[in-house]
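Read-outs: derived from the displayed coordinates by stated rules, not from any lab. Everything quoted here is computed from the prediction, not taken from an experiment. Because the Cβ atoms are built from the backbone with ideal geometry, glycine has one as well, and the counts that use them run over all protein chains shown.
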Amino acid sequence: MNSQVGNPESFGRVAVFMGGDSAEREVSLKSGAAALEALKRKGIDAFGLDLRFNKKHGAGSICQQLGAENFDIAFIALHGRGGEDGVIQGVLEALEIPYSGCKVAASAIGMDKLRTKLLWSGAGLPTPAFELIKAAEILVEDKQLLEQLLDKTVASLDFPVMVKPAHEGSSIGMNKADDKASLLDALNAAAQYDKEILVEKWIVGKEYTGAVLAGEALPLIRLETPREFYDFQAKYITDDTIYHCPCGLDKALENQYQELILDAFECVGAEGWGRVDFMCDEQGQPWLIEINTVPGLTDHSLVPMAARNYGIEFDELIVQILNTAITHGT
């Protein structure tokens with residue numbers, strides 16, 4: 001792993017993409033601001049660019065924003081739709097501008113929890129059983145059809161279950177359901193964010209996350225929260241989440257889980273940097289939950305924490321992520 005900054009001028013002018021219009025906009029602004037300041041401290045010519053994607057700002061707004069700026073490399077700190085799902089990656093490839101992180105296909109798959117799980121399952125990698133529900137199915141006026149849908153889901157997975165939008169990050173729209181009434185509430189909450197909803201078997205056990213940087217798995221982090229799961233509040237708001245890094249596993253077992261992380265990462269075609277979350281049940285069986293191709297870079301974020309434990313401070317981490325635009329870019 002390259003741990004040297006080298007000549008800051010070799011990067012040229014760097015645009016740090018942040019903001020956007022997804023449900024993760026505020027987190028992205030914080031990630032982008034942190035990355036921007038780190039690049040500046042390293043003497044790199046960098047500036048921030050808040051990209052807007054939705055129809056309110058016009059279909060050509062992204063191209064207009066990019067065309068108005070003169071830069072050589074894009075550092076992507078955009079979370080959620082538009083920035084993490086292959087959209088901005090495709091624009092940059094069309095413009096032949098190198099960018100950090102995963103390419104188009106891996107970004108699109110990684111943002112899609114359903115297709116990610118299908119790929120993992122097809123490759124023989126462990127991921128919790130699930131049911132897919134379309135938002136339209138829970139909005140029907142026929143209460144009998146709705147009841148049948150809930151019964152089918154319960155029969156397949158049993159309670160408790162995790163309900164999540166298929167295309168959101170930062171645990172947005174996610175809720176645990178312990179009975180049919182709370183399942184319907186959770187489905188309605190998720191339907192506010194997505195047309196596709198995953199109902200996933202609840203795994204009882206410890207929660208871990210594994211960061212990947214330039215082809216290497218960083219030290220694992222075990223997450224401990226007093227909340228029912230590691231939700232948006234636990235990730236970004238409250239200070240009662242405990243992060244164990246080192247994670248407490250013996251080295252051989254941690255290495256085994258790190259290999260699983262790398263397999264899961266490569267299975268979706270991911271490269272450069274990212275993070276894979278998994279649960280480990282009471283029998284010691286790991287279960288892959290999801291992949292993040294543009295993880296957070298805030299003061300609560302996990303990749304910087306793992307990198308620090310590995311001996312890479314935040315500013316150097318940001319430069320190494322920027323390096324992926326050269327080694328894995330267009």
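A few points about this structure:
- Neighbour-count order for Asp72, Asp299, fewest beta carbons within 10 angstrom listed first: Asp299, Asp72
- Leu146 paired with Lys251, simple spin-label distance in nm, labels 7 Å along Cα-to-beta-carbon: 5.7
- Put a plus charge on the Cβ of each Lys and Arg, a minus charge on the Cβ of each Asp and Glu, and nothing anywhere else: the dipole of segment 8-101 about its Cα centre is then about 280 debye.
- Förster-model FRET efficiency, 22 Å R0, Glu26 and Leu114, C-beta, rounded to 0.05: 0.30
- Counting other Cβ atoms within 10 Å as a rough exposure proxy, the listed residues Glu69, Glu168 run Glu69, Glu168 from fewest neighbours to most.
- Against the main long axis of the alpha-carbon atoms of the chain, helix 251-267 sits at an angle near 80°.
- Summing Cβ point charges (Lys, Arg +1; Asp, Glu -1) relative to the Cα centre of the chain gives a dipole of roughly 520 debye.
- By DSSP, the beta bridges lying fully in the chain are antiparallel in about 75 percent of cases.
- In the chain, the longest principal axis of the Cα atoms and the axis of helix 25-41 are about 30 degrees apart.
- Only one residue of Met305, Gly20, Leu125 has its Cα farthest out toward the positive end of the dipole of the chain, where Lys and Arg carry +1 and Asp and Glu -1 on Cβ, and that residue is Gly20.
- Efficiency of FRET between Val204 and Ser121 - r from beta-carbon atoms, R0 22 angstrom, step 0.05: 0.60
- Shape of segment 89-130, Cα gyration tensor, a/c cut at 1.5: prolate
- Overall, segment 130-201 carries a charge dipole of about 140 debye about its Cα centre when +1 sits on the Cβ of Lys and Arg and -1 on the Cβ of Asp and Glu, all other atoms neutral.
- Whether the chain is rounded, prolate or oblate, judged on the alpha carbon gyration tensor where a/c under 1.5 counts as rounded: oblate
- Furthest towards positive pole of dipole, Gly269, Ile197, Met279, structure part the chain, Cβ charges: Gly269
- Theoretical FRET efficiency, 1/(1+(r/R0)^6), r = Cβ-Cβ of Asp185 and Lys40, R0 56 Å, to 0.05: 0.75
- Environment charge of Glu282, counting only residues whose C-beta is closer than 15 Å and scoring Lys/Arg +1, Asp/Glu -1: +1
- Acute angle (nearest 10 degrees) that the helix 180-191 long axis makes with the longest principal axis of the chain, alpha-carbon atoms: 30
- Full-stretch length increase - Glu9, Leu95 - with 0.36 nm per residue and alpha-carbon distance subtracted: 28.8 nm
- Ordering Cys63, Cys245 by the number of other Cβ atoms within 10 Å of each residue's own Cβ, fewest first, gives Cys63, Cys245.
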